[in-house]
Amino acid sequence: MIKADIINRVAEECDVARVKAAVAVNSIISTMKEALGSGKRIELRGFGVFQVRDRKKGVGRNPKTGVEVPITPGKTVRFKPGKELKDL
C-alpha cells in the first residue's frame with residue numbers, strides 16, 4: 001500500500017473529495033514527521049508506537065563483498081506494534 005492508496009481509501013470511507021483526503025493525509029504525515037524530528041514519541045492506541053532512539057556506532061559488513069563498513073552513531077525511528085495489531 002502506498003500513500004495514494006491511503007488517500008483513496010480515506011476519500012471513500014469519509015465520502016469526501018480526493019483532494020480533501022489528500023490534504024488530510026499529508027497533514028497527518030507532516031505532523032508525525034515534525035514530532036519525530038523533535039524527538040517526540042507518537043502513540044496510536046490499537047496500532048502502535050513510533051519512537052526516536054539512539055543508534056550505537058559499530059561495524060557493519062557489505063554482504064556482497066564482505067568489506068567492513070563503519071556505522072556512525074545517530075538517531076533512528078523504531079515502531080513497536082500495539083496489541084490489536086499483533087493479534088491480526
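What to note about this one:
- All strands (runs of 3 or more DSSP E) inside segment 49-88 with 2 or more residues being farther than 21 Å from Lys33 by Cβ and outside the structural domain of Lys33 (by TED's automatic domain parsing): 58-61, 68-71
- From Thr76, Thr31, residue being in contact with a strand residue (DSSP E or B) (Cβ under 6 Å, 6 or more places away or on another chain) and either β-branched (Val, Ile, Thr) or modelled with pLDDT under 95 (or both): Thr76
- Just one residue in the set Lys75, Lys64 is charged (D, E, K, R) and exposed (fewer than 11 other Cβ atoms within 10 Å of the Cβ); that residue is Lys64.
- Complete set of residues in segment 8-22 that are part of a helix (DSSP H, G or I) and either of a type in the set (A, V, I, L, M) or touching a residue at least 60 places away in the same chain (Cβ under 8 Å) (or both): Val10, Ala11, Val19, Ala21, Ala22
The values are calculated or read from the model by the stated rules, or taken from the named source; none is laboratory data. This is a predicted model, so every value here is computed, not measured. A quick note on method: Cβ atoms are made from the backbone with ideal geometry, for glycine too, and the neighbour counts reach across all protein chains shown.
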